[in-house]
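Data block below; observations after.
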C-alpha cells in the first residue's frame, strides 16, 4: 500500500475526476456531496458516516444522519467511493473500474485502504466464478493485513536491540 507524500495532489485529481464523472452522468456534485467526498478522500483511511456528521456539523448547525447518508449513497452510486463493509466505513475510489467489482487491501496497523487493481486477477476470478456455476452480481473482496510501509516499520522495530 503506497503511502502518499503528495496527498493534496491526490485530492485535487479525485475532485477533478468526480466533477467530470458527474457531468458525464448528468448528475450534480452539490456543495454538500463535494464536501462529503472531500472528507472521505481526506486520507487513504476509511471514514465512518458519524465521523463525517461530526466534521460537517458546527455549533450553529447539526447535520442530520440522513443528509450524510444520501450524499454517501450518491457517491457510491457513481463509483466515487467504496463502502468498507468490515469497518462500516467509506474510502475514496482511486481508479476507474466497475464499481461493483472491488478488491480492497486494509492495513490493520495504520488503517490505510487501497484498491487492488489487477486485470489478470479479474479474469481469473470471473472464470472461477463462472466455472462454479455461480452468477455474481458484484464482487467485493476485503483483505486485511499489513501494508509494505508497516511491514518495513515492524521489521525495523524488531531488528532494533
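FYI, it's all coordinate maths here, none of it is from the lab. A quick note: this is a predicted structure, and the numbers were derived from the prediction, not measured. Cβ sites come from the backbone with ideal geometry, for glycine too, and all protein chains shown count toward neighbours.
Considering the chain as a Gaussian network with a 10 Å cut-off on Cα pairs, which listed residue, 130, 33, 70, attains the greatest mean-square fluctuation? Ranking 130, 33, 70 by mean-square fluctuation puts 130 first.
Here each label is just a point 7 Å from Cα along the line to Cβ, and for residue 73 and residue 9 those points are 3.8 nm apart.
For the stretch 7-159, give the share of DSSP beta bridges that are antiparallel, in percent and rounded to the nearest 5; count only bridges with both residues there.
Values: 9 of 16 bridges.
Rounded to the nearest five, the antiparallel share is 55 percent.
Listing 108, 120, 153 from fewest to most neighbouring C-beta atoms within 10 Å gives 120, 108, 153. Scattering from the C-alpha atoms of the stretch 25-103 alone, worked out with Debye: what is log10 I(q)/I(0) at q = 0.22, 0.26, 0.27 1/Å? Here the Debye-derived log intensity ratios amount to -1.03, -1.39, -1.47. Listing 77, 157 from fewest to most neighbouring C-beta atoms within 10 Å gives 157, 77. Taking 42, 128, 148 in turn, the Gaussian network model of the chain (Cα-Cα springs below 10 Å) assigns the largest fluctuation to 128. Length gained on full extension, residue 142 to residue 19: 41.5 nm, using 0.36 nm per residue less the C-alpha separation. Ordered by the count of other Cβ atoms within 10 Å of each Cβ, fewest first, 129, 53 give 129, 53. Taking the average, over residues, of other Cβ atoms within 10 Å as the packing measure, peptides 12-21, 133-142, 79-88 rank 79-88, 12-21, 133-142 from highest down. Among 107, 93, 150, the largest mean-square fluctuation in a Gaussian network model of the chain, built with springs joining Cα atoms closer than 10 Å, belongs to 150.
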